[in-house]
Amino acid sequence: MLSPNTENYLYGKGQILFQRTGTTGLLHLGNVPDFGINAEVTKEEHYGSMTGTNAIDKTRIKQKAAKSTISLEELSAENINLAWLGDSIAETTQSASTLADEAVTTIAGKYVEIGSIALSDVVVKTAAEGDVLVVGTDYDIIPEAGLIREIEGGLIASNTAYVSATVPEKTLSGINALVSATTEGKLFFIGIPEDGPAMKVEGWKVALTISGEIKLISDGISAIPMEAEYLDDSANHPDNPFFLATIIS
């Protein structure tokens, strides 16, 4: 709409999707609280030298680029794989089962793996059908990680504890971090604003780079800080080599 018109005031909302090069289909990146595009222009200035004071008589654009900062609030395996330059997501399944007096070799003062995670109904004994040990006195356990630690002076004998527990079915998503050279692909934004003009943005060749740490311990919502750089794709899009912005309402 032509200005002046209050319908042009934008209270922006929208969704961002990404299609990594070599894949098919667009991956939804989840909730992103802020998104914008910064068009960066570097100018070259020329000063005339025919008078006593040099004055600018010509400017030209020397460099042009565009970048976005994207904060991904959803720590999905797919988003972490993009951020940490993973090459794929390897999914494995922990089957539901029951541990019954499973012999675990323990180490006094150090944790060892039991072999399953997310344990519940944990009971630890001195032997199969033996006495029940006391957590905090004879052993410590981190059931979420499936870790057990023998406490020095406790009743665990010969560095062996017998563990019974319920093991739930779990899907595990493995990410091989920092094995890809780059994360490039198509960035797709669709505006769904509360008020104002909606816009669709298609970046044909966009490099995603993590721009900070992913906080795995935090008082608030953790996020994945990313930077998107729009690269020149003149070979495939000569009319709009960096991105195409389309106002759709």
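The values are calculated or read from the model by the stated rules, or taken from the named source; none is laboratory data. Bear in mind the structure is a predicted one, so any value in this text is a computation, not a measurement. All Cβ positions, glycine included, derive from the backbone under ideal geometry; neighbour counts span all protein chains shown.
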With the checklist (1) surrounded by 14 or more Cβ atoms within 10 Å (Cβ to Cβ); (2) under 22 Å from A223 (Cβ atoms) in hand, flag the one item G36 doesn't pass. (1)
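What residue, among those in region 175-189 that are of a type in the set (A, V, I, L, M, F, W, C) and surrounded by fewer than 17 Cβ atoms within 10 Å (Cβ to Cβ), is nearest to N236 (Cα to Cα)?
A181
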Filter region 110-139 for residues that are under 11 Å from E150 (Cβ atoms) and part of a strand (DSSP E or B) and give the result. K110, Y111, V112, V124, Y139
Filter result for I56 (more than 19 Å from A145 (Cα to Cα), touching a residue at least 24 places away in the same chain (Cβ under 8 Å) and among the β-branched types (V, I, T)): no
Counting only residues that are surrounded by 11 or more Cβ atoms within 10 Å (Cβ to Cβ), outside any strand (DSSP E or B) and of a type in the set (A, V, I, L, M), region 47-83 contains a total of 5
Within the set of pairs 6+ apart or on separate chains, which have a first residue in region 208-235 that is assigned to a loop (DSSP other than H, G, I, E, B), a second that is among the polar types (S, T, N, Q) and crowded, with 16+ Cβ neighbours inside 10 Å, and C-beta atoms under 6 Å apart? A223/S71
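Mind telling me which of the residues G12, G52, G25 ends up being over 14 Å from the mean Cα position of the chain (by Cα) and modelled with pLDDT under 90?
Numbers: G12 fails: modelled with pLDDT under 90; G25 fails: modelled with pLDDT under 90.
The conditions single out G52.
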Looking at I192, I217, can you tell me which residue is surrounded by fewer than 14 Cβ atoms within 10 Å (Cβ to Cβ), over 20 Å from S88 (Cβ atoms), aliphatic (A, V, I, L, M) and in contact with a Gly (Cβ under 9 Å, 6 or more places away or on another chain)? I192
